[in-house]
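Visitor: Sharing a structure below in structure tokens format, with a few things to ask.
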Amino acid sequence: MSTVRKEDEYYTYEDYYSWDDGLRWELINGRAYAMSPAASRRHQKILGEIFNQLYNCLRNTQCEVYAAPFDVRLNADTADDTVVQPDIAVVCDLSKLNDRGCAGAPDLVVEILSPSSIRMDRHVKFEAYLNAGVGEYWIVDPASKILTVHILKEGVYLAESYTDNDERVTVQVLDGCEINLMDVFQA
């Protein structure tokens, strides 16, 4: 995702939903950011592997997993000026889901870094996910083969990092769900 802004105006979800310019956008605190066209093949393979493992973990549960493009309106019940499309979102409160995506904070968000998304994923979106109350935020760095897991505790994210040498990572917000990191980084 690039940090190109659509003009320097304040936008809401209503504006965002009306855009029909053939581009993908995200809104964060009313500012529009154009998303990069297509992710790399490696990015897609890692996304597919994590998605597949999460999907298998969530069978016979009330939770659902979605891959981008999938609109997540982080503050739909207030300003409704933040709409993101995380690489992966897990939602366990199904009342947040509608035909347009998720209205509220997902339980788990996964972002896979690309050269154009590092600042957004590590800073801008990090703050947006924290402020919205996303319980667990994963940042996957394909280049260094590091997964940083951020767990929300008392209004702050506590971080722990894992490498491809760490065989399994427990998803804190999903009982009994573990992700095999060796498979993720071999993708």
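Visitor: All but one of (1) within 15 Å of the chain's Cα centre (by Cα); (2) touching a residue at least 60 places away in the same chain (Cβ under 8 Å) hold for Gln53; state the number of the condition that does not hold.
Guide: The number of the failed condition is (1).
Visitor: Condition (residue is among the aromatic types (Phe, Trp, Tyr), at negative phi, buried (at least 18 other Cβ atoms within 10 Å of the Cβ) and under 12 Å from the mean Cα position of the chain (by Cα)) applied to region 22-30: is it met by at least one residue? Outline the logic, then answer.
Guide: Going residue by residue through region 22-30, those that are among the aromatic types (Phe, Trp, Tyr) are 25.
The next check asks that each one be at negative phi; those that pass are 25.
Retained after the next criterion (residues that are buried (at least 18 other Cβ atoms within 10 Å of the Cβ)): 25.
Still in the running and under 12 Å from the mean Cα position of the chain (by Cα): none.
No, region 22-30 contains no residue that is among the aromatic types (Phe, Trp, Tyr), at negative phi, buried (at least 18 other Cβ atoms within 10 Å of the Cβ) and under 12 Å from the mean Cα position of the chain (by Cα).
Visitor: Taking region 81-112 as the search range and keeping residues that are out of contact with any Cys (no Cβ under 7 Å at 6 or more places or on another chain), in contact (Cβ under 8 Å) with a residue 60 or more places away in the chain and surrounded by 18 or more Cβ atoms within 10 Å (Cβ to Cβ), which one is nearest to Asp15 (Cα to Cα)?
Guide: As a first pass, look at region 81-112 and keep what is out of contact with any Cys (no Cβ under 7 Å at 6 or more places or on another chain): 81-88, 93-95, 97-106, 108-112.
Next, from what is left, pick out any that are in contact (Cβ under 8 Å) with a residue 60 or more places away in the chain: 81, 83, 85, 100, 108, 110, 112.
Within this subset, residues satisfying the condition of being surrounded by 18 or more Cβ atoms within 10 Å (Cβ to Cβ) are 81, 83, 85, 108, 110, 112.
Numbers: Asp81: 9, Val83: 11, Gln85: 16, Leu108: 26, Val110: 26, Ile112: 27 Å.
Among them, the one singled out is Asp81.
Visitor: Please find, among Leu47, Leu54, Leu74, the residue that is under 23 Å from Asn131 (Cβ atoms) and crowded, with 18+ Cβ neighbours inside 10 Å.
Guide: Leu74
Visitor: Let me ask you something else. For region 101-119, what are the residues that are within 24 Å of Leu181 (Cβ to Cβ) and charged (D, E, K, R)?
Guide: If the condition is that a residue be within 24 Å of Leu181 (Cβ to Cβ) and charged (D, E, K, R), then Asp107, Glu111 are the ones that fit.
Visitor: Can you confirm whether Ala143 is out of contact with any Gly (no Cβ under 6 Å at 6 or more places or on another chain), small (Gly, Ala, Ser), closer than 27 Å to Arg31 by Cα and touching a residue at least 24 places away in the same chain (Cβ under 8 Å)? If you could, list the steps in order and put the result at the bottom.
Guide: Working: out of contact with any Gly (no Cβ under 6 Å at 6 or more places or on another chain): yes; small (Gly, Ala, Ser): yes; closer than 27 Å to Arg31 by Cα: no; touching a residue at least 24 places away in the same chain (Cβ under 8 Å): yes.
No.
Rule-based calculations on the coordinates, nothing more; no lab input. Quick caveat: nothing in here was measured; it's all calculated off a predicted structure. Cβ coordinates were reconstructed from backbone atoms using ideal geometry, including for glycine residues, and neighbour counts include every protein chain displayed.
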